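Step one of this worksheet: look at the structure below.
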Amino acid sequence: MVQSVNSVNQVSDNSISREINESPVSFLFDRRGQRKYLTVVERRLWLRAAQKMPLRSRLFLQTLAYSGARISEVLSLVPVSFDESEGVVIVECLKKRSRGIYRAIPLPGTLVKEVMALTAPDGTPLLAEQRIWNCSRTTAWKWVKQAMALAKLAGPKASPKGLRHSFGVNSLRSSPITLVKKWLGHSRLSTTEIYVGAIGPEEREIAARIWKDF
């Protein structure tokens, strides 16, 4: 019985130590201190590079960037996922324990129109439940990396996760955290708060004021 209690205490102590050692910023940087998210400038470079890609892959990449969704979530989109009147895409939260949980994410109107036109390129629309991008995760991942290479971006930030993290970091600078939580499909607000750990322009401005006193 004593051994059992000690084991439980040891597990608890290990959990507490893990929580103490894990800071929010570590989620945004790898073990070498390299960023795992794109800055605003880098994301713009990547989007410009995506413009050079073929239409179907370009629209996939833009949807990925502007929605902050995961690759699997964008790949699962069907024609009825896009609502032109509301200017949103309805994304199923695929990381939830149960299926059928959706979130609406605003998208640029021009992007929604282009995607909807893509679903009926020859005048014959796709079936309501037919995937718009009928390709594998590997192919979609390659599209992301091709655009990263064209933009001359490398490292841990040059990945699909880097785009999602970029969406989280940069959205929090101008949007309420509750909205960002909804857009990203987080279950807990504490997960969204991780992105507050990134250094933004406002934080640098505050630091610059301090430097004047040095």
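The values are calculated or read from the model by the stated rules, or taken from the named source; none is laboratory data. No experiment lies behind these values; they were computed from the predicted model shown. Cβ: placed from backbone, ideal geometry, glycine included. Neighbour counts: every protein chain shown.
Numbers at a glance
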read-out: Residues (modelled with pLDDT of 95 or more and buried (at least 22 other Cβ atoms within 10 Å of the Cβ)) located in the stretch 169-180; value: VAL180
read-out: Residues of the stretch 182-214 satisfying the condition of being outside any helix (DSSP H, G or I), free of Cβ contacts under 8 Å to residues at least 40 places away in the same chain and among the small types (Gly, Ala, Ser); value: GLY200
read-out: Wholly within the stretch 1-108, helices (runs of 4 or more DSSP H) carrying at least 1 residues that are modelled with pLDDT of 90 or more and surrounded by fewer than 19 Cβ atoms within 10 Å (Cβ to Cβ); value: 40-50, 55-67, 71-75
read-out: Pairs, first farther than 17 Å from ARG70 by Cβ and in a loop (DSSP other than H, G, I, E, B) in the stretch 121-147, second at pLDDT 75 or above and of a type in the set (A, V, I, L, M, F, W, C), C-beta under 7 Å, six or more apart; value: LEU126/ILE132; ALA128/VAL78; ALA128/VAL80; GLU129/VAL78; GLN130/VAL78
read-out: Subset tally (residues that are in contact with a Lys or Arg (Cβ under 6 Å, 6 or more places away or on another chain) and β-branched (Val, Ile, Thr)) for the stretch 155-212; value: 1
read-out: Selection count where residues are among the polar types (S, T, N, Q) and more than 23 Å from GLY200 (Cβ to Cβ), scope the stretch 25-81; value: 7
read-out: Residue among THR139, THR191 that is hydroxyl-bearing (Ser, Thr, Tyr) and modelled with pLDDT of 95 or more; value: THR139
read-out: Selection status of ARG164, part of a strand (DSSP E or B) and either in contact (Cβ under 8 Å) with a residue 24 or more places away in the chain or within 22 Å of VAL78 (Cα to Cα) (or both); value: no
read-out: Qualifying positions in the stretch 111-164 - closer than 30 Å to GLN34 by Cβ and loosely packed, with under 13 Cβ neighbours inside 10 Å; value: SER136, ARG137, THR138, ALA149, LYS152, ALA154
